[in-house]
Structure formats: structure tokens, C-alpha cells
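Structure, as C-alpha cells:
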Amino acid sequence: MDFKIRAGTKDDCKDMSRMIKELAVFEKKGLDEVKTSHEELEKDGFCQNPFFEFLVAEVPEEHKSKEGFRVVGYTLYYYTFSTWKGRAMYMEDLYVMEEFRGKGIGGGLMSKVAEMGKKNLCVRLQFSVSDWNTPAREFYAAKGAQDITEKDGWHFIRFEGQEFDDLAESAPKD
Amino acid sequence: MDFSIRAANVEDCKDIARMLMELAEYEKVTDHVKVTQRDLEQDGFSKNPFFHGIVAEVPEQLKTKEAGHTKIGYALYFYSYSSWSGRAVYMEDLYVMPEFRGKGIGKALMSKVAQLGLAAGCNQLNFTVLNHNKSSVDFYLSQGCYDLTDKMGYHCMRCEGEALEHLAQP
């Protein structure tokens, strides 16, 4: 299938917001768990020190989705730092609409992220996958990704909500 | 114990480089460390930095027995993003020199990262821990966080070296 991968623009945030909700449903989350609006994505992705960058996959008019969308996939990523290895990136989301899967679009998006990282001298790309998502795990393994939770025992830890606020509140006063 | 926490400046990179090697020794990965003091200076203090740092300092009279260091702990963090929740902060490193542990410095550093994140509009603090690092895991869980890997089944994935080179082929 003919498709193009390009940098996401402010105008693409509406499509990305739509697909973020679709990804949430796929990840077995309620839509009420998606708090970001397309306006927030526009603000946070295009401010002076953007919190993220994103790429979209676009198909020509004749291949648009059943509902008429031409932007059919995206990946959202940001730059990070490993104190062992240096500059790195984190791929937060990778998503292709169901009717466009199996055509190399996901692979194309992920490769483009790696290519962008290489230009910025990044030496590592990290992301996460749900343990039940077998097709994704197989896809990533085929690309040479290592599961460092299984291999080394790395666990993701999170503070949010009241616990995050309480932690911030307990910081020493300047 | 009397200590202060402040934003790292470029002059602190020498001490941060020293302490990150100590942390690497603790995690038994010293031969994996490629980052130099120069890398920290360039990547932490450029126009669009890859990370930010805070350091914990003690007064002169409490400096370390060996080599007389007053910078005795640090945290490195950067801003990240959740497409569901928005702005977030990721704590890459948290370290306190062994002779200064058990005095609330680690907790103070972590709280400061959360405070800075909150001030920047973040609503999550994320990090990773090795699940066999029992004292760290216990410390973190006692502070009110939760283990996403245990709870939600999220696995950390990594591409580097040849696999990353291959992936980056246009």
C-alpha cells in the first residue's frame, strides 16, 4: 500500500487525538482515562521546549479509511538521557488503525523514529509493551528489541494523583 | 543532618560524573558506562537540554572522609509525555553516597523532582527500578508509588547497537 511518513504538524493534532483514543480502547482502557485534548497536544508539542515530537502515516485519497481519514497511524516520542549511554529516545505510542495493519506502516513509523534519533546522535530507543499484547511483542522482537523486564528485571514505577501531589508537597522548601 | 538541595549547574558535572560511576558500581555495570563529564556538560546545559539535574550538598564540616566531597547526592530527570495524561517527569537517576544514606536525602531529592515537575505542569513522576533491588523497591513503594510492571504488565523494551542501526535504515 502506498503511504507516506512525515513529521506531525499542529493541524495533525486532531487526528492524533482521535487515534490516541482508539489506542486507549485497544489497550483496554476507558475513554475517560484519556485526559489530553487536541488543544493540549498542540500546546505541549509546539511550545519552545516541546514535550514530544510525533510522526504520522498518511495514505492517498483513494486509500482513505472507511470514515474518510487519510492520517491512519502515528508515533509519539521524546528525547531522553541514559547516564550510562548518553542521548536516547522513548517511543511513547505507536499506532496504526486496524484496517491499515499488516502493510508495513508500523514498521515504517518505528524506523523513522530510529532514523530521527540517529540524526540527533541517540544510541538507544526504549518503549513499553503490555505483556498480553503478543502480536506487538513478536513485532518488536523481530526488530531486535530486547525485553529488559524479562532479561534484567526492570520495572516501571509511577507516582500520580494524590501520591504525586503529596510527594511534591513534601519537598524541602528553598 | 544538615543538607541542601539545589539545581545542578555545569560545574557540578564533575561531581555528577563521579557519583554516576559510584551508582554504576552499585548496579554492577561499570563497564557499560560510556557517558563522560563532557557529555553531561553538553547534553545537560545546551539550549534544549536532554536532562536536568539537582544536587544534594552538605556543609564543609560534614564533607566526606575520603577526598572531602560536599556534593553527596544527585537526581537526573527529564520531561516526558503521556498521550493519555499529558506532561510527565522521568527520574533517570537517584543516588546518595553510602555514608549519607538513611538521613532523608534520597527522599528529599525525589520530592524535589516531583515539585519541579508539578511546577512545570506535570502530573506523573515515572522511573524504573531493578526488581531485585529490594531496599530501593521497598523505599519507593513506601512513598506511595506503584509498580506498573506488576500491576499492568508493562514490559520495558530496548533497541540499541546493531538492532537500532538496522531499524534506522531508511
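Tabulated data
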read-out	value
Likely footprinting exposure, B:Phe51, B:Phe45, fewest C-beta neighbours within 10 Å first	B:Phe45, B:Phe51
Region A:115-158, Cα convex hull volume normalised per residue, Å³	108 Å³
Over 22 Å (Cα to Cα) - which of B:Lys107/B:Lys134; A:Lys4/A:Lys66; A:Lys29/A:Lys143; A:Lys4/A:Lys103 fall in this group	A:Lys29/A:Lys143
In sequence order, calculated HN-Hα J values of region B:119-135 (Karplus, 6.51, -1.76, 1.60; Hz; x Gly/Pro)	4, 8, x, 7, 10, 8, 10, 10, 6, 10, 9, 6, 5, 8, 7, 4, 5
Qualifying GluC sites (Glu not before Pro) for region A:71-174 [loop in DSSP, other Cβ within 10 Å: at most 14]	none
Förster radius 35 Å - calculated FRET efficiency between A:Thr9 and B:Thr36 (Cβ-Cβ, nearest 0.05)	0.40
nm² value of the averaged projected area, convex hull over the Cα atoms of region A:1-109	8.1 nm²
Percentage of interatomic Cα-Cα distances in chain B larger than 26 Å	34 percent
Cα-Cα pairs of region B:80-157 separated by more than 17 Å (percent)	51 percent
Acute angle (nearest 10 degrees) that the helix A:13-26 long axis makes with the longest principal axis of chain A, alpha-carbon atoms	80 degrees
Cross-link table A:Lys35/B:Lys71; A:Lys151/B:Lys34; B:Lys65/B:Lys112; A:Lys14/A:Lys151, entries beyond 31 Å C-alpha to C-alpha	A:Lys35/B:Lys71; A:Lys14/A:Lys151
B:Lys151 versus A:Gln48: modelled label distance in nm, points set 7 Å from Cα along the beta carbon direction	3.5 nm
222 nm mean residue ellipticity, helices alone, for the protein assembly as shown (DSSP H n ≥ 4; -39,500 (n - 2.57); rounded to 500)	-10000 deg cm²/dmol
Region A:1-62: C-alpha pair distances exceeding 18 Å, %	43 percent
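Throughout, read-outs are computed from the coordinates displayed, never taken from laboratory work. This one's a predicted model, so the numbers in the text were calculated from it and none came from an experiment. For neighbour counting, all protein chains shown are included, and Cβ atoms are generated from backbone atoms with ideal geometry for every residue, glycine included.
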